Amino acid sequence: PIAPGAIFRVTGARLSNGTAAAAPDRWPTSLSGAEVLLDGRPLPIFNTTPDSITVQAPFNLRTNQRVNLAVRSQGLT
């Protein structure tokens, strides 16, 4: 389960172009060539490595509902 507003990590292989961290006052929705989509909506990204991306769930995320999570990197989802 993912709680509204939670910060969580997505892990896998070749998720981004490299290691990067967002500025503390701005979390972009694209970093190191990667985006994380929750039901098609891009999530704010805190940092990336080639094998993980740390993001924040929307505060208006409905609880106890199934959602689709996808990573788009280098044009591939």
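Some notes on this structure:
- Selection of the range 1-40 for residues being modelled with pLDDT of 95 or more, among the β-branched types (V, I, T) and part of a loop (DSSP other than H, G, I, E, B) yields T19, T29.
- The range 1-38: number of residues that are free of Cβ contacts under 8 Å to residues at least 40 places away in the same chain, open to solvent by 80 Å² or more (accessible area, probe 1.4 Å) and farther than 13 Å from S52 by Cα: 3
- Looking only at the range 41-73, and only at residues there that are assigned to a loop (DSSP other than H, G, I, E, B) and in contact with a strand residue (DSSP E or B) (Cβ under 8 Å, 6 or more places away or on another chain), the one that is most open to solvent (accessible area, probe 1.4 Å): N68
The values are calculated or read from the model by the stated rules, or taken from the named source; none is laboratory data. As the structure is a computational prediction, the values presented were derived from the model and not from experiment. Methodologically, a virtual Cβ is constructed for each residue, glycine included, from the backbone with ideal geometry; neighbour enumeration extends over all protein chains shown. These area figures cover heavy atoms from the full protein model, side chains too; ligands, DNA and RNA do not enter into them. Shrake-Rupley method; radii C 1.70, N 1.55, O 1.52, S 1.80 Å.
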